[in-house]
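The structure appears below as structure tokens.
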Amino acid sequence: MSKTLISTRGLRKTYGKRNNKFDALRGVTFDINEGESVAIIGKSGSGKSTLMHLLALLDKPTKGEITLNSHPTAKLKARHLNVIRNKEFGFVFQSFFMNSNDTVLNNVILPLKIAGVGYRERRRRAIAALKTVKFDDKRNNKANDLSGGQKQRVCIARAIVNNPKVIFADEPTGNLDSATGEKIMNLLFRLNREKGITLIIVTHDQDLANKCQRQINIKDGRIVSDTAAEFEPDDDGDEEIREIVGDEDSDDWDDEDATPEKFAGDNNIDGMLDRQPHVTHIDIDEEEEN
Ligand code: ADP
């Protein structure tokens with residue numbers, strides 16, 4: 001049976017003070033299981049990004065509780081939150097947040113550098129992540145010279161380079177044409193199926209939402225529906241899966257940390273921290289946006 005990964009109970013988020021107060025979330029309760037693909041949908045301003053930021057521990061709720069692997073997160077110190085975000089979460093945003101003057105490889109390496117991984121190992125793992133997204137041949141290109149779809153591939157490589165449990169994607173296809181967007185979607189769902197990575201996707205894109213196992217619909221800061229897909233989500237990345245699984249040269253999955261079984265054994269936050277002793281205090285979000 002699937003294990004609960006993230007739980008929210010009565011989440012509220014109020015921005016501003018006094019006359020400028022705005023309740024962006026007004027009591028949100030749900031659980032996300034390991035390995036699920038979940039779309040958070042709703043009109044602009046409904047509270048989707050606010051919810052995603054809380055789930056990703058990028059911001060704190062005004063009220064309510066978020067637990068990760070059954071551990072409350074409210075009292076975690078900034079350093080521990082940084083470790084969890086760096087090691088357990090991957091982020092993919094509509095506007096990429098890449099260092100455009102740096103190379104593809106250095107952009108992908110960044111989370112490993114923050115995690116204190118040594119030079120040779122971080123290079124090896126970044127190249128493996130780029131292979132997974134089929135972009136290792138352009139690793140020395142400047143990020144600035146890439147198309148939108150190529151940039152998003154690099155961002156996905158960066159998101160998976162630390163073998164995360166969860167990928168949070170905020171409108172990942174928002175800046176892409178539909179054909180490119182579809183390829184990016186397929187890539188995300190392949191990672192979900194093959195690596196067991198939980199996908200939490202904020203999107204306006206109904207095609208993308210329809211590919212998720214579950215859709216949580218937010219309106220004015222409240223959940224108005226939470227529905228499971230009536231079909232098995234599409235498996236249209238078949239060819240790519242074969243390549244990943246069957247490619248003997250690929251070292252994509254050779255890190256034993258990467259297996260879902262290994263992740264399933266880590267049922268507490270302390271376990272996550274134990275696996276990552278050399279993390280510095282740099283905040284990945286600030287680093288990424290510089
Ligand atoms: P969505 O992602 O669904 O478009 P958001 O979560 O970004 O919605 O925003 C929900 C509401 O909260 C919006 O009305 C938005 O203007 C408001 N909001 C979001 N962030 C802030 C902020 N930092 N300060 C004040 N209001 C905010």
Out of the trypsin sites (Lys or Arg not before Pro) in the stretch 1-60, which ones are loop residues according to DSSP with at most 16 other C-beta atoms within 10 Å?
3, 17, 21, 43
Stretchable slack from residue 140 to residue 224, in nm (0.36 nm times residue separation minus alpha-carbon distance)
25.6 nm
Under a Cβ-Cβ cut-off of 10 Å, what is the net charge of the residues other than residue 94 that fall near it, where Lys and Arg count +1 and Asp and Glu count -1?
-2
Note the full-extension length gain between residue 119 and residue 100 as 0.36 nm times their separation in residues minus their Cα-Cα distance, in nm to one decimal.
4.7 nm
Evaluate the distance, in nm, between pseudo-label points positioned 7 Å from the Cα of residue 30 and of residue 78 along their respective Cα→Cβ axes.
3.1
Charge tally in the Cβ shell below 11 Å around residue 221, where Lys, Arg are +1 and Asp, Glu are -1, residue 221 excluded
+4
Distant alpha-carbon pairs in the stretch 35-83 (separation over 11 angstrom), percent:
74
When only Cα pairs under 8 Å and 6 or more residues apart are kept, what is the percent relative contact order across the stretch 29-144?
20
Counting other C-beta atoms within 10 Å, which of 230, 34 has the fewest, and how do the rest follow?
230, 34
Stokes-Einstein D in µm²/s, Kirkwood radius over Cα pairs - the stretch 4-77 at 37 °C with 0.692 mPa s viscosity
255
Förster radius 41 Å - calculated FRET efficiency between residue 175 and residue 62, Cβ distance, rounded to 0.05:
0.85
Rounded, prolate or oblate, given the Cα gyration tensor of the stretch 88-238, with a/c below 1.5 counting as rounded?
prolate
Averaging over every viewing direction, what projected area does the convex hull of the Cα atoms of the stretch 150-214 cover, in nm²?
4.0
Average Cα contact separation per residue, the stretch 95-195, under 8 Å, 6 or more apart, as relative contact order %:
31
Could you give the distance between the Cα centres of the stretch 163-210 and the stretch 88-116, to the whole Å?
17
The stretch 72-140: mean projected area of Cα convex hull, nm²
5.9
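Laboratory data are not the source of any read-out in this text; all were calculated from the coordinates shown. Given the structure is predicted, the values throughout are model-derived calculations rather than measurements. Note: ideal-geometry Cβ built from the backbone for every residue, glycine included; neighbour counts use all protein chains shown.
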